[in-house]
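First comes the structure, then the notes that go with it.
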Amino acid sequence: MNDSTTATARMFSSDNAAGASPEIVEAVVRAATGQASPYGADDVTAGVRRRLGEIFERDVDVLIVSTGSAANALGLAALTPPWGSVLCHRDSHINNDECGAPEFYTSGAKLVALGGHDARIDPAELRAAVRHKAGDVHSVEPSVVSVTQATETGAVYTPEELRALGSTVQEAGLRLHMDGARFAGAVAALGATPAELTWRAGVDLLSFGATKNGTMTAEAIVVFDRSLTAELSFRAKRAGQLASKMRFHAAQLEAYLTDDLWLRNAAHANAMAARLQEGLKAVPGVDLLGSAEANILFCRLPQQVTEGLLADGYVFYHDRWEPGVVRFVASFATTAQDIDGLLDAVRRHAA
């Protein structure tokens, strides 16, 4: 194993660290030949829209963008007035990891952070929050709820949980946004249909993630409430997210959705996280935190284990949340050998 391969095998910080699926790279190469209409008027982009309509079992509009942060921020901007509030979990990506992009693109809407186990919004907290100071001009107006599927801890919302939240949102007259950066992982974990996990539960707009699961530079905003599409189109252009050579983004998504590559990649990543979880259960001194329902695993390691892994060249987040807590993330590119190597190292340092 050469140095480059060794480094790759020891990378567990993020699924963003993985490369791209070969099928997607090949699709980009094919898109580089010939000519096509610009700004999303090409056949490949139209084909992606049709395919997503098939996957979600209804007509949808699709805006392809280059980052998940753009998908989230632009989507929330179309759902929220500047005097509105976005109700989200305190551990959500929009709350902690997007440098204020939602606030910027909404022209000042406020994020209101809620609690809940495993980064899932607590239903009781949500029921109170959707009514809190509603109609009071001295406060921000509750406007949209944003849920993350799968969550930042690797947990997933079941269809029943989503329907319950969606019912609360609908009764209060709010809108429902889903950050689906790891949406494929949730679908693969639950065996539910994409429709059951989105619009049938009341979701108006989905940030359909792909970069963490095999594409290079392609994400999509899937619009179920198509009355939002015109505004979203202008916002995307104004934000620099209407690519002139959109076919290169679209080609990635076309390959991603062909022959269920998106689900196969996600199922593999989930399986690798489950393999790690099962192995860590038997290591003395390791405390698993939650369960790896998708491809993320949190645990508490003895300090000597963390230090030993870092000295071995393993890359992962540690002490970011609290002392001793680490996060391991598997990807579509993680192998069983990678997981077994990490487990061997943990056992060695724990001993």
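The values are calculated or read from the model by the stated rules, or taken from the named source; none is laboratory data. Just so you know, these numbers come straight off a predicted model, no measurement behind them. Here the Cβ positions follow ideal geometry from the backbone for every residue, glycine too, while neighbour counts run over all protein chains shown. All accessible areas refer to the heavy atoms of the entire protein, side chains included, with ligands and DNA or RNA removed. Shrake-Rupley method; radii C 1.70, N 1.55, O 1.52, S 1.80 Å.
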With -39,500 (n - 2.57) per DSSP H segment of 4 or more residues and division by the full residue count of the chain, the 222 nm estimate, nearest 500 deg cm²/dmol, is -12500 deg cm²/dmol
Relative contact order for the chain using alpha-carbon pairs under 8 Å, separation at least 6, rounded to a whole percent? 23
Kirkwood hydrodynamic radius (Cα pairs, Å) of the chain? 20.9
Return the single residue from A236, A36, A311 with maximal mean-square fluctuation; model: Gaussian network over the chain, springs between Cα atoms under 10 Å. A311
For the chain, what does the accessible surface come to per residue with a 1.4 Å probe? Please give it in Å². 43
Could you tally up the Lys pairs in the chain with alpha carbons closer than 25 Å? Skip any pair fewer than 8 positions apart unless they're on separate chains. 5
Roughly how many debye, to the nearest 20, is the charge dipole of the stretch 205-249 about its Cα centre, given +1 on each Lys and Arg Cβ, -1 on each Asp and Glu Cβ, and no other charges? 200
If you put +1 on each Lys and Arg Cβ and -1 on each Asp and Glu Cβ, how big is the dipole of the chain around its Cα centre, in Debye rounded to 20? 420
Could you work out what % of the accessible surface of the chain is carbon and sulfur, using a 1.4 angstrom probe and leaving DNA, RNA and ligands out of the count? 51
Dipole check, the chain, charges on Cβ (K,R +1; D,E -1), about Cα centroid: among Y39, C88, L114 the Cα furthest to the positive pole belongs to Y39
Here the net charge surrounding A269, from other residues whose Cβ is less than 9 Å away from its Cβ (Lys, Arg +1; Asp, Glu -1), is +1
